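Scroll down for the structure; my scribbles are underneath it.
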Amino acid sequence: MYLRAMQELLIQTGTRESRIVLGDTLANLSNYLPVGKKVVVITDENLNKYYGHFFNQFPVVVLPTGEKNKVLSTIDYIFSEFIRIEVDRSWFVLGVGGGIVSDVTGFAASIYMRGLNFGFVSTSLLSQVDASVGGKNGVNFQGYKNMVGVFAQPDFVLCDISLFKTLPPLEYISGFAEIIKAAAIKDRGLFAYLEDNVTLALDMDPSVLEHLVTRSVAIKAEVVTMDEREKGERKKLNFGHTFAHAIEKITQISHGEAVAIGMVLATNASVKMGLLDSKEAERITTLISAYTLPVILPMACSGLLEYMRKDKKREGDVLHLVLLNQIGNAVIHPVSLEKLEKIVYDLC
Ligand SMILES: NC(=O)c1ccc[n+]([C@@H]2O[C@H](COP(=O)([O-])OP(=O)(O)OC[C@H]3O[C@@H](n4cnc5c(N)ncnc54)[C@H](O)[C@@H]3O)[C@@H](O)[C@H]2O)c1
């Protein structure tokens, strides 16, 4: 039998302290909820079906699934439900779900009546290792990813890896894209561990999984504590994402799959810019493939460039791309749109 050790990681920012709890289960949810406060739950149809019995003593707002619902009209729907339920500033908002639920819940809770406290039960691999941690919340606008949102830290994030037993296999695989990202930008040791444990990780071996989730969360917690508002260091967490957001908008593939392809493009761009050795680049693409994630751009280059011209991280004619100079070390590199165009066409 494998006994999980409970661990807590703290994100401390100027505004708040956020507890990330690893190794505990949804059955112990009540230990994390604030005493004496009314609670309203936001979840999606799948989580409500599988796990509603853990939280149906509270009023529940159930959202439809899918990225197409990470939009302002969903926030509108949540507010209508909050008004119907008579949620006021004394309530606590709990999001139970993957990255879409946490992005939407954190945003809705932060702006309803100028802000309610909130927390998450993070249910997908991708949301545990990345989306639910760090306080970026928001929605897409006119197809552009995360264009409207806030920085606001959840009081707690409960990461229960036993919930993955109901996670669809493709959603499980998607999560590895963000783990590989964390390793590629910050932790050469974690990268080697991913290389050495592909089969066990894909088979949901609990001890391997726990190490991967804990290490990824620790990396994110450290970066966010240092730079909550993405002035510098936090930008490195966007490795592969400038490309990924364009791919997601145009092809509708999952976030994790888009990040995987985005990382391949950013890795190859790092080689083209003379920063990264091609052998290191090969290791990255091989690892992404080993986790059965896609590595080939499923669209024309022109669409990619058009989106990147509108990227919200662009300043004038320069995009600050996150590139690698070795596995485990990212650098932020200004690249002119003209140069980027050349690089992208070379990679396609
Ligand atoms: N805020 C951030 O810092 C940040 C970081 C990375 C990604 N994101 C966002 O996160 C989103 C992707 O997150 P995701 O991959 O978790 O997507 P998701 O929330 O859509 O979840 C994926 C699917 O799995 C289902 N699901 C989740 N957990 C389950 C479980 N335990 N059992 C059964 N079904 C389950 C959901 O219902 C959904 O259908 C994207 O919108 C992305 O932009 C945000």
Practice task
Restrict the check to the range 35-45 and report whether at least one residue is charged (D, E, K, R) and within 16 Å of the ligand (Cβ to nearest atom).
Solution key: yes
Problem - Residue list for the range 69-91, restricted to those being within 14 Å of the ligand (Cβ to nearest atom) and free of Cβ contacts under 8 Å to residues at least 40 places away in the same chain - result: Asn69
Practice task
Would you check which residues across the range 250-259 are within 11 Å of the ligand (Cβ to nearest atom), open to solvent by 20 Å² or more (accessible area, probe 1.4 Å) and assigned to a helix (DSSP H, G or I) and list them?
Solution key: His255, Glu257
Problem - Yes/no for Ala244 being out of contact with any Lys or Arg (no Cβ under 6 Å at 6 or more places or on another chain), within 13 Å of the ligand (Cβ to nearest atom), at negative phi and without any contact (Cβ under 8 Å) to a residue 24 or more places away in the chain - result: yes
Practice task
Check Ile288, Ile219 and return the single one that is open to solvent by less than 50 Å² (accessible area, probe 1.4 Å), within 16 Å of the ligand (Cβ to nearest atom), β-branched (Val, Ile, Thr) and at pLDDT 95 or above.
Solution key: Ile219
Exercise for the section: Look through the range 15-34, keep the residues that are open to solvent by 90 Å² or more (accessible area, probe 1.4 Å) and modelled with pLDDT under 95, and return whichever of them is nearest to the ligand (Cβ to nearest atom). Expected result: Thr15
Exercise for the section: Confirm whether Phe120 is under 23 Å from Ala182 (Cα atoms), aromatic (Phe, Trp, Tyr) and in contact (Cβ under 8 Å) with a residue 24 or more places away in the chain. Expected result: yes
Exercise for the section: Scan the range 275-283 and give yes if some residue there is without any contact (Cβ under 8 Å) to a residue 40 or more places away in the chain, acidic (Asp, Glu), more than 15 Å from the ligand (Cβ to nearest atom) and surrounded by fewer than 20 Cβ atoms within 10 Å (Cβ to Cβ), otherwise no. Expected result: yes
Handout entry: Top-ranked residue of the range 97-122 - restricted to ones that are in a helix (DSSP H, G or I), away from the ligand (no atom under 11 Å from the Cβ) and open to solvent by 10 Å² or more (accessible area, probe 1.4 Å), ranked as nearest to Ala260 (Cα to Cα)
Key = Ser110
Fill in the blank from the handout: Only one of Leu125, Leu94 is under 14 Å from the mean Cα position of the chain (by Cα) and crowded, with 17+ Cβ neighbours inside 10 Å, namely Leu125
Fill in the blank from the handout: Exactly one of Leu33, Leu47 is closer than 22 Å to Ser162 by Cα and assigned to a loop (DSSP other than H, G, I, E, B), and that residue is Leu33
Practice task
Kindly check whether there is at least one residue in the range 222-241 that is closer than 19 Å to Ala269 by Cβ, within 13 Å of the ligand (Cβ to nearest atom), open to solvent by less than 20 Å² (accessible area, probe 1.4 Å) and hydrophobic (A, V, I, L, M, F, W, C).
Solution key: yes
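The values are calculated or read from the model by the stated rules, or taken from the named source; none is laboratory data. Computed from a predicted structure; not experimentally measured. Methodologically, a virtual Cβ is constructed for each residue, glycine included, from the backbone with ideal geometry; neighbour enumeration extends over all protein chains shown. Side chains are part of the model used for accessible areas, which takes the heavy atoms of the whole protein and leaves out ligands, DNA and RNA. Shrake-Rupley method; radii C 1.70, N 1.55, O 1.52, S 1.80 Å.
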